[in-house]
Ligand code: PAF
């Protein structure tokens with residue numbers, strides 16, 4: 001595996017690969033990798049010729065007072081973890097290379113970012129779409145892979161790629177979970193043992209919502225009351241939101257009539273966790 005630090009060098013390498021007809025697949029990450037990332041990489045490995053990953057903790061997607069400085073970082077561990085996956089290039093730029101003096105451009109996707117996480121993380125999605133647009137321009141992938149745990153992020157990136165004619169297939173893959181159902185996330189490492197025990201209650205509550213849907217319930221308020229009630233009872237987490245949205249537009253809905261998503265964000269101690277479950281007619 002080759003490590004490339006300079007954006008220009010990464011760009012030139014990808015340009016050469018593209019000229020030779022090589023299919024580039026890409027998994028962007030902020031590091032502190034877990035099985036969720038590795039499963040994206042394994043799928044990306046299968047779908048192309050050259051697999052590029054990036055490890056970059058992007059400062060512009062963290063708000064003031066958020067965990068940018070504390071975000072877990074361990075490059076040595078990450079590089080060891082990806083050895084067996086068949087990664088060809090790991091792109092690890094510095095913040096100065098990505099955002100040099102004078103940087104003043106951003107990419108903003110509007111409607112799909114206005115609900116859910118935007119209220120408590122204003123500007124977060126602007127930071128995400130800006131860095132992903134930059135990474136796409138540098139890595140020049142044909143296919144890029146993202147986890148569905150960050151569902152709103154996935155939809156925003158798909159929207160951006162389509163709206164800006166990026167000619168990149170943005171693929172979302174199923175959330176990878178711990179044996180007890182907790183969605184894998186680098187931030188799970190922040191959880192105290194007591195909160196780690198409570199955290200899977202979030203997913204169990206989402207499953208309860210999906211069970212109601214499977215039994216024919218279509219009223220959003222009824223489903224959300226059940227999910228919220230179970231989160232409160234099982235986890236005592238401080239709920240940021242529990243919402244039922246149209247799966248494509250991320251707008252709140254009153255009645256489920258097509259593909260929908262139940263999305264939750266809640267804090268256990270100081271750790272903010274997000275998760276979601278898709279409701280789809282069988
Ligand atoms: O999901 C993440 O890890 C990040 O938001 C991403 C897509 C790598 C952009 O920094």
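Every read-out reported here was derived from the displayed coordinates using simple, explicitly stated rules and does not represent laboratory data. This structure is a prediction, so every number in the text was calculated from the model and none was measured. Here Cβ is always computed from backbone atoms with ideal geometry, including for glycine, and neighbour counts include all displayed protein chains.
Computed quantities for the displayed model
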| read-out | value |
| --- | --- |
| Fewest-first ranking of 255, 222, using other Cβ atoms within 10 Å as the exposure measure | 255, 222 |
| Residues 60, 197, 174, sorted so that the one with the fewest Cβ neighbours within 10 Å comes first | 174, 197, 60 |
| 10 Å-binned pair-distance histogram of segment 1-140 (Cα, whole percent) | 11, 38, 37, 14, 1 |
| Sorted by Cβ neighbour density within 10 Å, fewest at the top, the residues 160, 1 | 1, 160 |
| Pairwise FRET efficiency - residue 9 versus residue 252, Cβ, R0 = 45 Å, nearest 0.05 | 0.50 |
| Rounded to 10°, Cα long-axis angle of helix 35-47 versus longest principal axis of the chain | 50 degrees |
| Segment 127-259 - percent relative contact order, Cα under 8 Å, separation 6 or more | 17 percent |
| Label point distance in nm, residue 219-residue 49, each placed 7 Å from Cα along Cα→Cβ | 5.8 nm |
| Relative contact order %, segment 37-143, counting alpha carbon pairs below 8 Å whose residues are six or more apart | 37 percent |
| Rel. contact order, % - alpha carbon contacts under 8 angstrom, at least six apart, segment 1-89 | 37 percent |
| Fluctuation leader among 106, 54, 205 - the chain, Gaussian network, Cα springs under 10 angstrom | 106 |
| Sum of -39500 (n - 2.57) over DSSP H runs of 4+, divided by residues of the chain (222 nm, nearest 500) | -11000 deg cm²/dmol |
| Projected-area average for the chain over all orientations - Cα convex hull basis, square nanometres | 15.1 nm² |
| Rotationally averaged projected area of segment 58-142 (alpha carbon convex hull; nm²) | 7.4 nm² |
| In nm, spacing of pseudo-spin labels at residue 73 and residue 110 (7 Å Cα→C-beta vector) | 3.6 nm |
| Between helix 151-163 and the chain: long-axis angle, C-alpha atoms, 0 to 90°, nearest 10 | 50 degrees |
| Equivalent ellipsoid, segment 108-242 (semi-axes from 5 times Cα gyration tensor eigenvalues, Å) | 30, 18, 15 |
| Residue 66 paired with residue 164, simple spin-label distance in nm, labels 7 Å along Cα-to-beta-carbon | 1.8 nm |
